[in-house]
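These notes are about the structure you will find just below.
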Amino acid sequence: SPPLWESFLPVGDAQSGDLSLPEVVGTTPNGPQGLNYQVSKGSEITFTVGEQLTRFPLPNDAVVRTIELSGELNFDGQPSMVDVDLHSLVSDQSFRGRMFRDSPLAVFTVNDLTDLPPEFFSGGIIARQVTGVLSINGVDVPFTFDLEVQNGEDVLNGLSRTVFTWDQLQISVPTARLVVSVDDEVSVQLLLVAEDR
């Protein structure tokens with residue numbers, strides 16, 4: 001039977017950690033919908049970092065992921081926040097789940113998601129860069145995200161990508177008996193499925 005972590009893959013590639021916007025099902029909106037959304041089932045985040053293990057001759061990508069996300073997206077000037085339960089991270093190697101063992105929660109905050117183009121209200125995909133803050137272990141780190149958003153009739157799908165280094169988060173590079181080295185840069189992909197509230 002497949003490992004448990006494969007059951008946590010509603011959208012994406014188990015090998016690479018790549019996520020994609022799900023296909024919108026149902027009719028597209030034909031006018032302004034609500035501007036406030038609650039993060040819901042189907043959301044997922046992946047962290048991907050290059051590593052070298054003792055038992056493999058070549059480097060590979062380590063991927064950890066979780067679906068334990070909560071928060072809200074607001075397009076009316078209120079802050080948008082997404083909480084990530086880092087203790088729920090899973091991978092095909094158990095030691096990777098301890099990557100953030102001293103950090104129970106990460107919070108992504110974007111203060112302003114206004115100035116929506118007309119495509120947002122007609123079901124089109126909009127893409128832009130968004131500046132936000134990642135809070136972890138009492139450290140606030142500014143980030144720029146590449147964001148894609150598609151507005152369905154009752155569901156909003158958003159996909160953001162960014163990169164951080166361990167130094168930025170003031171976190172030591174993870175170590176384990178099987179690990180020879182871990183890259184400095186970590187790639188983050190955050191898929192949000194949010195329901196109109």
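Quick note: the coordinates plus some simple rules give every number you see, no bench work behind them. If you're wondering where the values come from, they're calculated on a predicted model, not measured in any experiment. Positions of Cβ are generated from backbone atoms using ideal geometry, with glycine treated the same way; all protein chains shown enter the neighbour counts.
Listing for the model above:
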| item | result |
| --- | --- |
| Gain on full stretching of the segment that runs from residue 137 to residue 36 - 0.36 nm per residue minus C-alpha separation | 33.6 nm |
| Test item: Cα-centred dipole of the range 102-197, Lys/Arg +1 and Asp/Glu -1 on Cβ, debye | 240 debye |
| Length released on extending from residue 70 to residue 105, taking residue separation times 0.36 nm less the Cα-Cα span | 11.5 nm |
| Estimated FRET transfer efficiency when R0 is 45 angstrom, pair residue 127-residue 87 (beta carbons, to 0.05) | 0.90 |
| Linear extension gain, residue 61 paired with residue 115, 0.36 nm per residue minus alpha-carbon span | 15.7 nm |
